[in-house]
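Asks: Can you read through this structure? Questions will come right after.
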Amino acid sequence: MTKNTDLNFLKMILGNEEANSDIIPIVADSFEDNNLKIYPESLPILPLRNTVLFPGVVIPLTIGRSKSFKLIKDINKTTKYFGAVSQKAAEVEDPQPEDVFNIGTVAEILKVIEMPDDTISVIIQGKRRFKINQFISEDPYYIATVNYFPEINADNKDRNFQAIVSSLKDLSLKIVKLSATIPHEVSFAIKNIDNSSFLINFICSNSDIDPIEKQSLLEIDEIYVRAEKLLGILTNQVQMLELKNEIQIKVKKELDKQQKEYLLHQQMKTIQQELGGGPAEQEIKELETKAKEKKWTKEIAKHFEKELHKLQHLNVASAEFSVQLNYLHTLLDLPWGEYTTDNFNLKRAEKILNEDHFGLDIVKERILEHLAVLKLKGDLKAPILCLYGPPGVGKTSLGKSIARALERKYVRMSLGGLHDESEIRGHRKTYIGAMPGRIIQNIKKSKSSNPVFVLDEIDKVGNDFHGDPSSALLEVLDPEQNYEFHDNFLEIEYDLSKVMFIATANNIASINPALRDRMEMIDISGYIVEEKLQIAKRHLIPKQLENHGLKNIKLKIDDKAITKVIEAFTRESGVRGLDKNIAKLIRQIAKKVGLGEDLPAIIKAEDINNYLGQDIFLKEEYHDDEIAGVVTGLAWTAVGGDILYIETSLSRGKGNLTITGNLGDVMKESATIALEYIKSHSDNLSIDSKIFESWNIHLHVPEGAIPKDGPSAGITMATAIASALTQRKVKKNIAMTGEITLRGKVLPVGGIKEKILAAKRAGIKEIILSKENKKDISEIKDIYIKGLTFHYVSTISDVLEIALLKQKVKNARKFD
C-alpha cells in the first residue's frame, strides 16, 4: 500500500536521522534543470493511492504492497528512478494498467527507511512529467515505455502572473491558519520558496484537494494556466473554511446556552423543593408508596431504596433519569412473592384435563402426581416437563389445560428461531432501549410468580455470535439454580423455583444434552384412527361449528364420514390437518346456510368427496405374496409410522449386490450384513452356494425420492433376500421390524407404537419384533394392538421360520 503522509511525518523521519546522514532537500534546488536532464526510455511504474507527485516536490511514502516493495528494493540499488502515477480508484488493491492515469511524474528515491511493522518508508522527489506509451512488463512489477514532456514556465516578469503567485501565497497561508489539520511548518516552507513554478507545484501537492483534481492540475502543461486553476480551487477552500469556523462559533454559543439552561433548571428544582416539590418529586413519592405494599425480601427492599436514592440525585432533564425511572418501575411491576393458590381437588383437575384433551394419559398422570404430593407436603419445587412428539398432537395446548386445572396463570413463550442470549437474560440497563429478558417480561405480564410457563419449540433454539440461548436456559430449567435466576437488566436474583415450566419439542436430538438432562422427558406419540375419531367428535367439530356461527344448528356427521376424512385427506400423527379439513367441511355447510339451501340430515362417507374434493391419500394396503423377494417392513417418520416394502430381484452376473432407493449408510450396511448372513447359512436354507457367484442381487426400497436410513429394516432385508434365493412365499399379512447382527441376532428398535399404527392402517395382522421389544408392547393400550398378533424373536432364523412358507411362488425361478 502506498499513501501520502503530511510534513509532520516527514519532519519526524528527518529528525531521527543521525548527524552524519545525507541532507534531504525539502525545496528543490535544481527545479529548472529537471526539464533538461535525460531519463530512461522505460520506467518501473509505482501506482500511488490518494497521492499525486508534482515535479520538484519531496514527499514520503509508506510502502506495503508486495509489488511496490519489490520495485523500491530493486530501483534503490540501481538508477533510483521510477514512474509515480496515481490510481483512478483508491480502493483497488491490485491495480491493473487500466486502473492508473497515463500521466505521471518521474520520482527519484532520496532515502529508504525500514519501519518496525515490516513496511518501508521511502522519501522521493518529483523530477519530470511523462506520459505512459505502453506497458512492456507486469512481473514482478509494471514497467512501461514513456514519453517525456516539459512544463511551460510562465514569464516571472509578467505582472498578472506575479499577482496570481502572490494571491496563491496569501490564500495558502490563510488556509494553514484556518485549518486544524495542516501543520504550521507548511507556512514556513511557503514563505521561503522563491521559485514561482516550484511554489505552485508545492501548493498543489500539499493542499487538501481531491486526488482527481490534483491529477487534472498535473496534466496542465502551462504553469500559468495551472496557477489560475489552483487559485480558483484555493478560493473555494478558503470560503468553506471560513463558513466552517462560523458554524463552530455558533455551536459554541449554543453549548453555552445549554449550560445556562441547565443552571436555571437546577435553580428551578431548588425552588420547587422549597415550595413543596414538582412532578418528579410526586413520581418518587408514588414509587415509595408502591414499594411499601410489595412482598419482597429485605435484600430487595434495600436494593430498591438504594436505586431510588440514586434517582433523587439525578437531573430530571438528563437521559439517566428516565433510564433509572424505567428500572424502578420494572422492579415494582414484578410479582415479588405473589403466588396464586393451587386447587388441590384432584378429581376436578382430572376432569378438566380429560375435557380438554383425549388420551395423553402419561402427562395427565404426572400432573396429578405433582398435585397429590403438593397437597400432602404443602411445598414442592415445580417439575420441569418436556413434552416431545410429532406436530399437532396437543403439546402446546396441554399447557393451557394444566394451568386451568391448577388454577394458575398461563404464560407461553415461543423459542423458535431464538438466537440471542439477551432474549433470555435481558440487556444491562445502561444500554439505550434496554429491557429485561423474555422470561422476566412474561412473569411480569402474568402478575404471578408461579404460573404455568410453556417454552414452545425448545428444539428450534439457534445460536450465533450473539451467544447461545440454550446455555442461558440451563439456569432457568435447573431446580437447583432457578431460585436465584439472574437477569442482566434487574441486576438482582429472581426466584423461578415455583414456576411450572413445560417445554415442547418435535425432535429431542437437536436439544442441548445438558438442557435435556434437566427436564423430565415425556413422549407424546401419534393418535390411532379411533382416537382421532373421538377427538374430532368431542373437540374439533364443536369448535369449528362455534367458530363458523353454526353452534345452534343440529349437524350430524357419520362416524364413517369422519373416518374417511382421517384416512383419505390426512397423513399425520396429530390432528392439525384433520382440524383444517373439518373447518373446510363446516365452511361448505355455512355456505349452504347462507344461500338458504336445505341441509342434509346426516353427512355420510359417500358425501365427503362432494365437500372436500377427491381423496388426497390412498390407504396403505398390504400387497399379496405372489412375488418372491418382496417383504413388508415398518418405519418411523417425523409425522408417525409408515410401512415400506423391501424388493429383491436376481439377474445373471458375478454375484454383485446393488442397493437403490435413496438409502443412508446405516441402511446400506444392514443390507450387506443381511446378505452375508444368508451366505453363511445357505446350507440351512437349502441354497446352492454357487448361486452367489453367478447371480447378481438387486435390493430396492420404493419411493426413491424420500431419503431413508436406520437399522430397523435389517430383518426385513434378510427375509427378502432369503425369499428371492429360495423362491419361497412370504406369509400373508405379516410385517416386521428389527436390527440384525452378523451373528444373526435380532436387536430391539424404537418407534414401536407409531409402527403398530401404520401396520393397522395397512391391514397387517401379524408383526415380528425383537424379544426385547416385548416390554414396549406391554406399555401400549389394548385398543392399539387389538386384532394384531405379535411374534417375538431372538435370531434371524426364528424370523425366517415364521415369515417364509414352505410353498414356492408360481413360476418359481430355477437356478442352474
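The values are calculated or read from the model by the stated rules, or taken from the named source; none is laboratory data. Here the structure is a predicted model, which is why all the values come from computation and not from measurement. Every residue, glycine among them, receives a Cβ derived from its backbone with ideal geometry; neighbour counts consider all protein chains shown. Surface accessibility is based on the protein's heavy atoms, side chains included, excluding ligands, DNA and RNA. Shrake-Rupley method; radii C 1.70, N 1.55, O 1.52, S 1.80 Å.
Asks: With every protein chain present, what is the per residue accessible area of the range 159-303 (1.4 Å probe, Å²)?
Replies: Values: 9380 Å² over 145 residues.
Averaged over the residues of the range 159-303, the accessible area is 65 Å².
Asks: Using the alpha carbon gyration tensor of the range 305-394, what are the three equivalent-ellipsoid semi-axes (square root of 5 times each eigenvalue), largest first, in whole Å?
Replies: 45, 18, 11
Asks: Please go through the range 721-816 and write out the chymotrypsin sites (Phe, Trp or Tyr not before Pro) that DSSP classes as loop and that have at most 16 other C-beta atoms within 10 Å. Display every interim value, and only then the final one.
Replies: Numbers: sites: Tyr784, Phe790, Tyr792, Phe815; in loops: Phe815.
Hits after loop and neighbour filter: Phe815.
Asks: Just give me a number: lysine pairs in the range 294-356, eight or more positions apart or cross-chain, with C-alpha atoms less than 25 Å apart.
Replies: Count of close lysine pairs: 8.
Asks: Next question, about the same structure. Note the per residue figure in Å³ for the convex hull of the C-alpha positions in the range 395-551.
Replies: 154 Å³
Asks: Still on this structure, please answer the following. With both partners inside the chain, how many of the DSSP beta bridges are antiparallel, as a percent to the nearest 5? Working shown, then result.
Replies: Details: 53 of 92 bridges.
Of all bridge pairs located within the chain, approximately 60 percent are antiparallel.
Asks: For Cα pairs less than 8 Å apart in space and 6+ apart in sequence, what is the mean separation divided by the residue count of the range 338-486, i.e. the relative contact order in percent?
Replies: That works out to 27 percent.
Asks: Under a point-charge model restricted to the Cβ atoms of Lys and Arg (+1) and Asp and Glu (-1), what is the dipole moment magnitude of the range 144-303 relative to its Cα centre, in debye to the nearest 20? Each step should come with its number before you reach the end.
Replies: Details: 23 positive and 25 negative charges, 215 e Å.
For this selection, approximately 1040 debye.
Asks: Considering only protein heavy atoms and a probe of 1.4 Å, how much of the accessible area of the range 518-663 is carbon and sulfur, as a whole percent?
Replies: On the way: 3720 of 7700 Å².
Answer for the range 518-663 is 48 percent, counting heavy atoms of protein chains only.
Asks: Calculate what fraction, in whole %, of the accessible area of the range 351-416 sits on carbon and sulfur atoms when a 1.4 Å probe is rolled over the protein chains.
Replies: Numbers: 1530 of 2810 Å².
Roughly 55 percent of what the probe reaches on the range 351-416 is carbon or sulfur.
Asks: Towards the positive end of the charge dipole of the chain, with charges on Cβ (+1 Lys, Arg; -1 Asp, Glu), say which of Ala605, Pro390, Asn656 has the farthest Cα.
Replies: So the residue we want is Ala605.
Asks: Provide the FRET efficiency to the nearest 0.05 for the Glu369-Arg813 pair, computing r from the beta carbons and using R0 = 45 Å. Write down the numbers at each step before the final one.
Replies: Details: r = 60 Å, r/R0 = 1.34.
Given R0 = 45 Å and the Cβ-Cβ separation, E is 0.15.
Asks: Calculate for the chain the 222 nm mean residue ellipticity that helices alone would give, adding -39,500 (n - 2.57) per DSSP H run of length 4 or more and normalising by residue count, nearest 500 deg cm²/dmol. Walk me through the intermediate numbers first.
Replies: Values: 29 runs with 341 residues, N = 816.
Rounded to the nearest 500, the figure is -13000 deg cm²/dmol.
Asks: Next question. For mean projected area of the Cα convex hull in nm², the choices are (1) 52.5; (2) 49.5; (3) 62.8; which was calculated from the structure?
Replies: Of the listed options (1) 52.5; (2) 49.5; (3) 62.8, (3) comes from this structure.
Asks: If you take every DSSP beta bridge whose two residues both sit in the range 391-522, what share of them, in percent to the nearest 5, is antiparallel?
Replies: The antiparallel proportion sits near 25 percent.
Asks: In terms of the Cα gyration tensor, with a ≥ b ≥ c the square roots of its eigenvalues, is the range 677-719 rounded because a/c is under 1.5, prolate because a/b exceeds b/c, or oblate?
Replies: Oblate shape, in that a/c is at least 1.5 and b/c is the bigger or equal ratio.
Asks: If you roll a 1.4 Å probe over the heavy atoms of the protein chains, what accessible area per residue do you get for the range 530-617, in Å²?
Replies: Working: 4910 Å² over 88 residues.
Dividing the accessible area of the range 530-617 by its residue count gives 56 Å².
Asks: At a Förster distance of 51 Å, what's the computed FRET efficiency of Gln162 paired with Val251, Cβ-Cβ distance as r, to 0.05?
Replies: FRET efficiency, Gln162 to Val251: 0.80.
Asks: While we're here: Return one number: the angle in degrees, 0 to 90 and rounded to the nearest 10, between the long axis of the Cα atoms of helix 66-77 and the longest principal axis of the Cα atoms of the chain.
Replies: Result, in degrees: 30.
Asks: Suppose each label sits 7 Å from its Cα in the direction of the beta carbon; what would the Met521-Ser686 distance come out to in nanometres?
Replies: Modelled inter-label distance: 4.7 nm.
Asks: If I take R0 = 35 Å and measure r between the Cβ atoms of Asn76 and Lys191 in this structure, what FRET efficiency does the formula 1/(1 + (r/R0)^6) give, to the nearest 0.05? Walk me through the intermediate numbers first.
Replies: Numbers: r = 33 Å, r/R0 = 0.95.
With a Förster radius of 35 Å, E is 0.60.
Asks: Continuing with the same structure: In the range 129-244, carbon and sulfur make up what percent of the accessible area (probe 1.4 Å)?
Replies: Numbers: 3010 of 6040 Å².
Of the solvent-accessible surface of the range 129-244, carbon and sulfur hold 50 percent.
Asks: Continuing with this model, one more query. Which of the chymotrypsin sites (Phe, Trp or Tyr not before Pro) across the range 407-495 are loop residues per DSSP, with 10 or fewer other Cβ within 10 Å? Intermediate results must be reported in sequence, preceding the final value.
Replies: Working: sites: Tyr410, Tyr431, Phe453, Phe465, Tyr483, Phe485, Phe489, Tyr494; in loops: Tyr431, Phe465, Phe489.
Sites meeting the loop and neighbour criteria: Phe465.
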